[in-house]
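The values are calculated or read from the model by the stated rules, or taken from the named source; none is laboratory data. Bear in mind that the values here come from a model prediction, so they are computed numbers and not experimental data. Here Cβ is always computed from backbone atoms with ideal geometry, including for glycine, and neighbour counts include all displayed protein chains.
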């Protein structure tokens, strides 16, 4: 019991790293919520000095991914795109693993969030006003027929500082 208490105390004493962020992704976070087995996680590291936001987007049980973005918005509210993480063709089939990884040097030009710098993106994240959305499309009309065909988004999650909660 003492070992557990010491471990918990040590974990609580470690301050969060405000340059690392995470967004757990699921259909229940979508607006409206989506009935899907798809899941994912987006991992971010911000280096404001270098002007870089590195990211890795990992997904499972998802089909026909066509896009993923960072949007500016609170949980439960759909909002504009600020940073594009992935763009691909419709109807590509199942994916389990890394969907995208890379480095963003700036928000998308002319983005609907009015973000001009990565500092603006970081401020939105710290204020709880940024989320990752993964969009799917099977390429067959009509849209929104079920998993693998949610162009407005199949899985979503708010971005937060990584670390103990």
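Answer with yes or no whether residue 49 is loosely packed, with under 15 Cβ neighbours inside 10 Å, in contact with a helix residue (DSSP H, G or I) (Cβ under 9 Å, 6 or more places away or on another chain) and outside any strand (DSSP E or B).
Numbers: loosely packed, with under 15 Cβ neighbours inside 10 Å: yes; in contact with a helix residue (DSSP H, G or I) (Cβ under 9 Å, 6 or more places away or on another chain): no; outside any strand (DSSP E or B): yes.
No; evaluated as a whole, the condition is false for this residue.
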| note | For region 105-129, pairs from a residue that is outside any loop (DSSP other than H, G, I, E, B) to a residue that is surrounded by 20 or more Cβ atoms within 10 Å (Cβ to Cβ), with Cβ under 6 Å and 6 or more apart or across chains, are 118/53; 121/107; 121/115; 122/46; 124/72; 124/130; 125/21; 125/159
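Determine, yes or no, whether residue 130 is in contact with a helix residue (DSSP H, G or I) (Cβ under 8 Å, 6 or more places away or on another chain) and under 18 Å from residue 23 (Cα atoms). Write out each step before concluding.
On the way: in contact with a helix residue (DSSP H, G or I) (Cβ under 8 Å, 6 or more places away or on another chain): yes; under 18 Å from residue 23 (Cα atoms): yes.
In short, yes.
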| said: Would you confirm, using the coordinates I've provided, whether residue 153 is touching a strand residue (DSSP E or B) at 6+ places or on another chain (Cβ under 7 Å), buried (at least 20 other Cβ atoms within 10 Å of the Cβ) and on the phi > 0 side of the Ramachandran plot? | reply: yes
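Do we find a residue being surrounded by 20 or more Cβ atoms within 10 Å (Cβ to Cβ), at pLDDT 95 or above, more than 17 Å from residue 54 (Cβ to Cβ) and in contact with a helix residue (DSSP H, G or I) (Cβ under 7 Å, 6 or more places away or on another chain) anywhere in region 135-143? Walk me through how you get there before you give the answer.
Going through region 135-143, the residues surrounded by 20 or more Cβ atoms within 10 Å (Cβ to Cβ) turn out to be 135-138.
Still in the running and at pLDDT 95 or above: 135-138.
Within this subset, residues satisfying the condition of being more than 17 Å from residue 54 (Cβ to Cβ) are 135-138.
Within this subset, residues satisfying the condition of being in contact with a helix residue (DSSP H, G or I) (Cβ under 7 Å, 6 or more places away or on another chain) are none.
No - not one qualifying residue is present in region 135-143.
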